[in-house]
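Have a look at the structure below, then the notes.
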Amino acid sequence: MPAAEIQPMESLARAIQLSVTPVFLLASISGLLGVLTTRMGRVVDRVRELKRQGSEGDLAEERQVRQQLQVHRRRMALSSRAVGCAAASFLLVSTMVVALFISTVARFNLTAVLVPLFVLAMLLLMAAVLLLLREIQLGRRLLEFY
């Protein structure tokens with residue numbers, strides 16, 4: 001192969017290599033989204049059960065059920081915000097993959113775009129994990145009712 005043909009092939013290989021690396025981060029964020037949605041589903045199931053129990057119990061039981069429902073509402077709100085942060089992080093990392101590929105193939109310097117995208121994606125991911133931790137703490141607090 002002539003040297004002129006090797007250069008574009010190496011450039012394309014490098015572009016693919018740089019673009020694929022953040023894909024592992026996308027897989028991790030997908031896993032986090034799976035955990036979050038599973039936890040949300042469990043909260044929904046528990047709320048349904050509590051509402052059924054609340055209509056069958058005495059006054060003291062109803063009060064306890066209302067308190068638990070309030071905690072579950074907070075848990076659901078935290079989980080929803082965490083999903084939003086994780087999804088936004090996912091979208092920013094996906095945008096980074098596209099920008100990295102274009103930057104490498106077209107030989108544009110998109111560092112000024114990529115750095116803020118990465119920082120914002122990581123901040124959103126950290127926020128999602130912190131919201132998950134808070135939701136877990138609230139879930140643990142519910143053990144006091146049992």
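The values are calculated or read from the model by the stated rules, or taken from the named source; none is laboratory data. Computed from a prediction, not measured in an experiment: that's the story for all the values here. Using ideal geometry, Cβ is built from the backbone for each residue, glycine included, and neighbour counts are taken over all protein chains shown.
Assorted remarks:
Here's the yes/no breakdown for (1) under 29 Å from Gln53 (Cα atoms); (2) hydroxyl-bearing (Ser, Thr, Tyr):
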site: Leu78; (1), (2): yes, no
site: Val105; (1), (2): no, no
site: Thr111; (1), (2): no, yes
site: Ala127; (1), (2): no, no
site: Gln137; (1), (2): yes, no
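- Total residues in the range 47-63 satisfying the condition of being of a type in the set (Gly, Ala, Ser) and either within 21 Å of Met76 (Cα to Cα) or at pLDDT 75 or above (or both): the figure is 2.
- Considering residues of the range 83-96 that are crowded, with 18+ Cβ neighbours inside 10 Å and not small (Gly, Ala, Ser) only, the residue nearest to Leu18 (Cα to Cα): Met96
Per-residue answers, yes or no, for (1) of a type outside the set (A, V, I, L, M); (2) over 29 Å from Ala13 (Cα atoms):
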| residue | (1), (2) |
| --- | --- |
| Gly31 | yes, no |
| Val35 | no, yes |
| Arg39 | yes, yes |
| Arg63 | yes, yes |
| Val71 | no, yes |
| Ser80 | yes, yes |
| Ala121 | no, no |
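- Restricting Val93, Val113, Val83 to residues that are modelled with pLDDT of 90 or more and more than 14 Å from the chain's Cα centre (by Cα) narrows the list to Val113.
- Matching residues in the range 30-68 - criterion: being under 30 Å from Leu125 (Cβ atoms), surrounded by 12 or more Cβ atoms within 10 Å (Cβ to Cβ) and without any contact (Cβ under 8 Å) to a residue 24 or more places away in the chain: Arg42
- Number of positions in the range 98-139 that are outside any helix (DSSP H, G or I) and surrounded by fewer than 15 Cβ atoms within 10 Å (Cβ to Cβ): 3
- Candidates Leu25, Leu12 - the one that is under 18 Å from the mean Cα position of the chain (by Cα) and modelled with pLDDT under 95: Leu25
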